[in-house]
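Each reported figure results from applying straightforward, stated rules to the coordinates on display, with no laboratory input. Treat the numbers as computed from the prediction; the structure is a model and nothing was measured. Glycine also receives a Cβ, built like all others from the backbone with ideal geometry; neighbour counts cover every protein chain displayed.
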Amino acid sequence: MGCGRVGTLLAERLADLGHSVAVVDQNTSAFDRLPASFPGITVTGIGFDRETLEKAGIARAEAFAAVSSGDNSNILAARVARETYGVDRVVARIYDPRRAEVYQRLGIPTVATVAWTTGQIMRGILPLGAQEEYRDPSGAMALAEVHVGTSWAGHRATSLEDAAGARIAFITRLGAPLLPNPETVIQDQDVIHAVYLSVDRERVESIFETRPSELS
């Protein structure tokens, strides 16, 4: 939902990966941003209106992204997709970080635009990788904040652990600590604190940064 700059780029990338894509926007002219070769469908209407969503194929959708310019519209559409149509993978873009925290607690993954942009800029001007927080007296084991690539968002924390040969001690999410369990799914903006063998640092850093699809 939303055919602005983010929605357009998202639709193009998903289509390029071979996914079936439907784009919803209440302004028909917004679809002019899509390339002429775009293979998906476009639906004019309000993104949280059930009739509009059903025209777009929400009943068979595997994922839904609400990326319009309005926080209220995005979260309402995301909740309709999740609660009414049972779409498992739902993400909403939220400009107000305070609202984003509330909706995260309601189980709706959000991208808080201001916080995300700040984080991305910080990652752009500071080194990535692992920042050690503790090392045992022998020096063999380390606890570190390890940067995790955004492509891991939506994957279980256990999948990342298994791939990297590390253990996630805890996650900082929206400023609060979280102890992961077997059902925990990594979200954008999560800060991962992991334990690993010191000799494996470079490998752990690489796998945390790598797209999951590139590991097979």
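Below is a table of values for the structure above.
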| item | result |
| --- | --- |
| Residue ranges of strands (runs of 3 or more DSSP E) in the stretch 125-181 with at least 1 members touching a helix residue (DSSP H, G or I) at 6+ places or on another chain (Cβ under 6 Å), without any contact (Cβ under 8 Å) to a residue 12 or more places away in the chain and closer than 14 Å to Phe208 by Cβ | none |
| Residues located in the stretch 5-39, provided they are assigned to a loop (DSSP other than H, G, I, E, B) and surrounded by 16 or more Cβ atoms within 10 Å (Cβ to Cβ) | Val21, Gln26, Leu34, Phe38 |
| Unique residue being touching a Leu at 6+ places or on another chain (Cβ under 8 Å), in contact (Cβ under 8 Å) with a residue 24 or more places away in the chain and within 13 Å of Gly2 (Cα to Cα) when the list is Val80, Val21, Val67 | Val67 |
| Which numbered condition Val24 fails, given (1) touching a strand residue (DSSP E or B) at 6+ places or on another chain (Cβ under 9 Å); (2) over 18 Å from Arg89 (Cα atoms) | (2) |
